[in-house]
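To keep things clear, I will list the structure first and then write my remarks on it.
The values are calculated or read from the model by the stated rules, or taken from the named source; none is laboratory data. These figures come from a predicted structure and were not determined experimentally. Neighbour counts are summed over all protein chains in view; Cβ atoms, including those assigned to glycine, are modelled from backbone coordinates with ideal geometry.
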Amino acid sequence: MSINEIIILITIGLAAGAFSGMFGIGGGLIMVPAMVFFLGLSQHTAQGTSLGVLVIPVAAVAAYNYHKEGQLDWKFAAIIALSFVIGGYFGSKISLGISEVMLKRVFGILMLVMAIKLIFFTKGSPA
């Protein structure tokens, strides 16, 4: 591993951690595209590596800050986490059966649809 790769990996981790703490995102939106574009990983390897990061409770400190402020619903988190295990298992099986080109296209479309939804169709108090 070169020093350049180490610097890129640290930068990806810092950015993903910061965005995760601020917005609850990091893996799919930050780490996966960064590993594909800056490190040349395949889409499958970037997704697998992103999931590998989540195996360790990397978001524990950020979650604790939200908990301290009363902004974390533990019941919701527990139900989603348990369901995530099942969905993650089957989703990874499906992903590994799809070609890299198709996977990148589906991933990009998903990010685009979510961006449009968040920008134009989000309910809530006006800014």
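Cβ-Cβ contacts under 6 Å between residues 6 or more apart (or on different chains), taken from a first residue in region 80-101 that is touching a residue at least 12 places away in the same chain (Cβ under 8 Å) to a second residue that is in a helix (DSSP H, G or I), are listed as Glu100/Gln43. Picking from residues in region 19-39 that are closer than 20 Å to Ile98 by Cβ and of a type in the set (Gly, Ala, Ser), the one that is modelled with the lowest pLDDT is Gly27.
For Ile98, the requirement of being touching a Phe, Trp or Tyr at 6+ places or on another chain (Cβ under 6 Å) and under 19 Å from Met111 (Cα atoms) is not met. In summary, Trp74 fulfils each of the numbered conditions (1) touching a His at 6+ places or on another chain (Cβ under 9 Å); (2) surrounded by 11 or more Cβ atoms within 10 Å (Cβ to Cβ) with the single exception of condition (2).
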